[in-house]
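Report on the following structure.
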Amino acid sequence: MSVTTRTRYSLRAMIDIARHQGDGPVRSADIAERQQLSAGYLERILLMLVEAGLAESRKGPGGGYLLARPPEKVSLAEVMAASGEELLAVPCVCETCNEECDMFDECPAREVWSGLRDVAGTYLEKHSLSEFLEVERRAGDNKKNGLRPLRSTAG
């Protein structure tokens with residue numbers, strides 16, 4: 001499975017905005033600088049996030065971006081969907097794949113690939129932006145105590 005650049009950048013932008021929640025709107029130029037992203041590309045991503053209802057845009061002096069909901073109410077699945085991407089192990093399990101594959105209805109492996117997509121989707125739905133903030137908080141606490149944070153791939 002592969003996560004696209006657009007989805008990764010969407011998540012990084014949302015985490016950045018969440019990290020600064022309470023400080024007022026976050027300027028896109030500041031997000032771009034901190035996340036080392038192209039400002040133009042980031043603006044297109046932020047527009048998608050606003051259109052999806054995950055972020056809000058404030059215009060004018062002191063303007064920028066805010067989360068539309070608390071971080072614990074924004075799932076990773078929503079961020080991925082807002083980026084316009086689908087997490088697929090193979091292309092034949094998407095919504096319109098029956099148009100692309102002659103074996104769509106008879107494929108013996110399609111059920112396996114669909115199941116894998118469903119497991120990944122469930123995982124992404126269960127996890128929210130707030131978890132990234134908690135990991136950062138714990139890492140900061142561990143630094144204060146002279147400990148290095150553990151890195152885990154478990155979910």
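The values are calculated or read from the model by the stated rules, or taken from the named source; none is laboratory data. Here the structure is a predicted model, which is why all the values come from computation and not from measurement. Counting neighbours? That spans all protein chains shown, and the Cβs are built from the backbone with ideal geometry, glycine included.
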Given (1) over 11 Å from Met14 (Cβ atoms); (2) buried (at least 19 other Cβ atoms within 10 Å of the Cβ); (3) modelled with pLDDT under 95, index of the condition Ala77 fails = (2)
Per-region count, the range 121-154, residues of a type outside the set (S, T, N, Q), closer than 22 Å to Met80 by Cβ and at pLDDT below 60 = 1
query = In the range 50-69, is there at least one residue being in a helix (DSSP H, G or I), charged (D, E, K, R) and either in contact with a Ser or Thr (Cβ under 6 Å, 6 or more places away or on another chain) or at negative phi (or both)?
reply = yes
key: Residues being part of a helix (DSSP H, G or I), of a type in the set (A, V, I, L, M, F, W, C) and more than 9 Å from Ser10 (Cβ to Cβ) - total across the range 36-45   = 2
remark   = Of the candidates Ser28, Ser10, the one satisfying the condition of being on the phi < 0 side of the Ramachandran plot and under 12 Å from the mean Cα position of the chain (by Cα) is Ser10
inquiry  = Condition first: hydrophobic (A, V, I, L, M, F, W, C) and modelled with pLDDT under 75. Now tell me which residues in the range 80-120 satisfy that.
reply    = Leu87, Leu88, Ala89, Val90, Cys92, Val93, Cys94, Cys97, Cys101, Met103, Phe104
Number of positions in the range 103-132 that are assigned to a loop (DSSP other than H, G, I, E, B) and either in contact with a Gly (Cβ under 8 Å, 6 or more places away or on another chain) or under 30 Å from Glu72 (Cβ atoms) (or both) = 1
note = Restricted to the range 11-35 and to residues being in a helix (DSSP H, G or I) and not hydrophobic (A, V, I, L, M, F, W, C), the residue nearest to Ala82 (Cα to Cα) is Arg12
